[in-house]
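Worksheet: the structure to be examined is printed underneath.
The values are calculated or read from the model by the stated rules, or taken from the named source; none is laboratory data. Note that the coordinates shown come from a computational prediction; the quantities given were computed from them, not determined experimentally. Cβ placement follows ideal geometry from the backbone for every residue including glycine, while neighbour counts extend to all protein chains displayed.
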């Protein structure tokens with residue numbers, strides 16, 4: 001049987017379909033809506049170096065949030081860092097698979113922004129719940 005391209009199976013999110021690669025990328029690399037927004041801006045401007053203040057101005061984020069978000073994306077091997085008068089960041093994934101997944105995520109956001117947002121916010125709520133549960137006081141008979 002000859003080789004045939006098989007379309008990646010979409011992950012259902014409400015009524016919106018999101019490719020499985022995008023869902024996996026979001027689960028592994030994007031924890032907040034701010035991270036998604038910053039990544040989308042950087043993917044669109046791959047030759048530009050950004051600092052936290054400029055990103056904040058472009059997206060309406062406080063500088064501290066921008067800095068924390070950029071640092072988180074850099075720690076995910078999605079950004080290069082240059083230290084000049086300020087710390088600057090550029091979209092530069094550390095491996096080709098990351099670039100492919102990030103670009104597919106950006107393309108999916110253009111066609112199905114709501115579906116991608118649902119995945120990110122669902123993941124963020126799940127992480128917040130797990131964090132809160134870690135501090136839950138349990139009786140001995142609850143174990």
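Brief remarks follow.
- All of (1) out of contact with any helix residue (DSSP H, G or I) (no Cβ under 7 Å at 6 or more places or on another chain); (2) modelled with pLDDT under 95; (3) within 25 Å of residue 122 (Cβ to Cβ) hold for residue 94 with one exception: (3).
- Within the option set 43, 38, 18, being outside any loop (DSSP other than H, G, I, E, B) and modelled with pLDDT under 95 holds for one residue only, 18.
- Per-region count, segment 58-85, residues surrounded by 13 or more Cβ atoms within 10 Å (Cβ to Cβ) and farther than 18 Å from residue 25 by Cα: 10
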